[in-house]
Amino acid sequence: MFKKILIASLIATSFASAPVISSAATRAIVITQAPPAPRQEVVPAPRRGYEWAPGYWAWRGGRHAWVAGHWVRERRGSHWVPEQWVERNGHWEMRSGRWERGGRADNDRDGVPNRLDSRPNNPNRS
């Protein structure tokens, strides 16, 4: 019986000492070449339960490549912060898109924030 307990505890401690790899780990992309100006996109009509993620310039294969805008499933109480390039001391760093809590109000829940919506209190939306 003692041997079984000893073996079980050794197995448990070996798993506890294993390095943890986060699935949310991201690589920082830092380059010296400024991204081109964003492309003009036609934003489609709002979709219930989704938020629009605008297009952006990604860094792929040693050059900028356009990634078209797309819909992302909404997360209640959060808003989508799009991908963006930030300049620091002559270097450009890509910040990945992410969800942030709070922030934008969307009274009619059509996926368009009030500040961008021509009818933020549309009575025809539930």
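Give me a count of the residues in the range 75-92 that are in contact (Cβ under 8 Å) with a residue 12 or more places away in the chain and more than 17 Å from Leu116 (Cα to Cα). Break it down into steps so the answer makes sense when it comes.
Restricting attention to the range 75-92, the residues satisfying the condition of being in contact (Cβ under 8 Å) with a residue 12 or more places away in the chain are 75, 77-85, 87, 90-92.
Then keep just the ones that are more than 17 Å from Leu116 (Cα to Cα); that gives 75, 77, 83-85, 87, 90-92.
Number of matching residues: 9.
So, in the range 53-66, of the ones that are among the aliphatic types (A, V, I, L, M) and under 20 Å from Thr32 (Cα atoms), which residue ends up surrounded by the most Cβ atoms within 10 Å (Cβ to Cβ)?
Kept after step one, since they are among the aliphatic types (A, V, I, L, M), are these residues of the range 53-66: 53, 58, 65.
Then drop every residue that is not under 20 Å from Thr32 (Cα atoms), which leaves 58, 65.
Details: Ala58: 16, Ala65: 10.
It comes out as Ala58.
What is the number of the single condition among (1) surrounded by 13 or more Cβ atoms within 10 Å (Cβ to Cβ); (2) at pLDDT below 90; (3) basic (Lys, Arg) that Arg95 does not meet?
Exception for Arg95: condition (2).
The values are calculated or read from the model by the stated rules, or taken from the named source; none is laboratory data. Keep in mind that this is a model prediction, so the values were computed, not measured. No Cβ is skipped: glycine too gets one built from the backbone with ideal geometry, and neighbour counts run over all protein chains shown.
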